[in-house]
Structure formats: structure tokens, C-alpha cells
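The values are calculated or read from the model by the stated rules, or taken from the named source; none is laboratory data. This is a predicted model, so every value here is computed, not measured. FYI the Cβ positions are ideal-geometry reconstructions off the backbone, even for glycines, and counts take in every protein chain you see.
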Amino acid sequence: MSSAALQREDLSIQGLLGGHRVLQSVPRTPLEWVSLIRHGIPAQAVESLARMIQMTQAELAGSLGIPERTLARRKREGLLNSEESAKVVRLARVVERAEEVFEDLDVALDWLKSPNAALCGATPMSLLDTDIGAESVLDTLGRIEHGVFA
């Protein structure tokens, strides 16, 4: 596998969450993701995501809307609950989409962490703790992809 293909795989939702090594499976369909989320993803996926998107645990906890102490407890327990799992997967989905649009992870992360006029001055990352916020970010990425926002 080429390094470009490997890099693309690493930036997939699975790759951002630590891949097969962490998830113990590779969901290929939305329904497989639903099953994994309901069961709970390994807490180690949070560490992998934080490392990949260059955020501290505290920053990531804020973006997820999960108290930092709760994440620390889940790390000891080894498994996130279904709600926490859904939030982590949602964040990984948005990061994957931003990387697709900008074709560069560093540019995507910079965009996610910068105030955005299309989002009323909020940083996209600050909106990812809710479904509606995440959908607004994904909608904005779609507009950028289609040249609506320069």
C-alpha cells in the first residue's frame, strides 16, 4: 500500500480512532457503526483522536461536551458509554470530512479551530458537542467544497 493510501486510511474515521488495533473491528457500514457505538468504543480511541488532531485531553473534552474527569474515569474503565461513543465518532466524522474538503489535515485542523464568519464567528470545533452544531459545520464544509464560501 502506498504511503498516500496509508495516510488516507489513517485519516478515515477508523484511523482517527486508532483503527482495528483500538476498535477491535472495522465497521464498514453505517449500521455496523451503530452497533459499535451502542456497545461503546474503547476509551483508547479518545487518546488516538486527540493525538491525530493535535489537541489536549482538556481541549478534546470541551469539544466533545464530556467532562474531563469523566474521560479520565472512562480511560480507567476502558469503555465509553453509547452517548460518549457517538460524540467521539461524530467528531472523527467531521475531521475526516474537513480533511477531504481541504485535502490537508493541518489546513483542516486550522479551519476547525479558527473562528468562522459562516458560523456566526464560532470555531467549528466548538460546535461539535451537539448534533445541530455538527450538521452546521458539515453544511459549511459542503458549501466550501462547492465554492459558495471562499
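For Ala92, the stated conditions hold: it is within 15 Å of the chain's Cα centre (by Cα), surrounded by 12 or more Cβ atoms within 10 Å (Cβ to Cβ) and either more than 21 Å from Asp106 (Cβ to Cβ) or at pLDDT 95 or above (or both).
None of Ala98, Ala50, Ala58 is of a type in the set (A, V, I, L, M, F, W, C), closer than 17 Å to Met125 by Cβ and loosely packed, with under 13 Cβ neighbours inside 10 Å except Ala58. Within the stretch 72-87, identify whether any single residue is of a type outside the set (Gly, Ala, Ser) and closer than 22 Å to Ala108 by Cβ, and answer yes or no. Within the stretch 72-87, one or more residues are of a type outside the set (Gly, Ala, Ser) and closer than 22 Å to Ala108 by Cβ.
Go through (1) at pLDDT 95 or above; (2) at positive phi; (3) not basic (Lys, Arg) and name the single condition Asn116 misses. Evaluating Asn116 over (1) at pLDDT 95 or above; (2) at positive phi; (3) not basic (Lys, Arg) leaves (2) as the failure.
I'd like the full set of residues that are among the aliphatic types (A, V, I, L, M) and crowded, with 19+ Cβ neighbours inside 10 Å, limited to the stretch 114-147. It would help to see each step written out before you state the result.
Residues of the stretch 114-147 that are among the aliphatic types (A, V, I, L, M), as a first pass: 117-119, 122, 125, 127-128, 132, 134, 137-138, 141, 144.
Across the stretch 114-147, the qualifying residues are Met125, Leu127, Leu128, Ala134, Val137, Leu141.
Remark: pairs (first residue in the stretch 12-40, closer than 19 Å to Met52 by Cα; second residue part of a loop (DSSP other than H, G, I, E, B) and of a type in the set (Val, Ile, Thr); Cβ separation under 6 Å; 6+ apart in sequence or on different chains) = Gln14/Val26; His20/Val26.
Scanning the stretch 23-74 for residues being touching a helix residue (DSSP H, G or I) at 6+ places or on another chain (Cβ under 7 Å), in a helix (DSSP H, G or I) and not aliphatic (A, V, I, L, M) gives a total of 8.
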